[in-house]
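A short worksheet on the structure shown next.
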Amino acid sequence: MKLIRDFLVLASGIVSALYLLNISFGVAEFIPDNIPIFGNLDEAAATALLINCLAYFGVDIGHFLRRKGEAAKEEPKTHDIDVTK
């Protein structure tokens, strides 16, 4: 079952990457880009799908966008204690 899921995620990632590369030269678009505001929603959805597919396979895109001195924020180590009288 995991192999099927991996294949589907990989296939959807490849399709979204090809859509973003615009190999059809704008002929095959879901929403034409000349419509204000809504024209770029299909590219935004394809980008979100590609980022999620990469995250599924362990590629952290956010790592490339961080500044050099900035580390990832870790959760503070706290303990929850119930106090009763």
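Read the figures in this text as sums done on the coordinates, not as results from a lab. All values reported here derive from a predicted model rather than from experimental measurement. Neighbour counts are summed over all protein chains in view; Cβ atoms, including those assigned to glycine, are modelled from backbone coordinates with ideal geometry.
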Next on the checklist: Please compute, for the alpha-carbon atoms of the range 2-61, the extent along each of the three principal axes and give them in descending order in Å.
Outcome noted: 40, 20, 14
Next on the checklist: How would 7, 25 line up from fewest to most surrounding beta-carbon atoms within 10 angstrom?
Outcome noted: 25, 7
Checklist outcome for this item: Checking rank on 60-67, 48-55, 37-44, with mean other Cβ inside 10 Å and highest first, the result is 48-55, 37-44, 60-67
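Ranked by Cβ crowding within 10 angstrom, fewest neighbours first, how are 78, 47, 84 ordered?
84, 78, 47
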Checklist entry - What length, rounded to one decimal in nm, is gained on full extension from residue 20 through to residue 47, with 0.36 nm per residue of separation minus their alpha-carbon distance? => result 9.0 nm
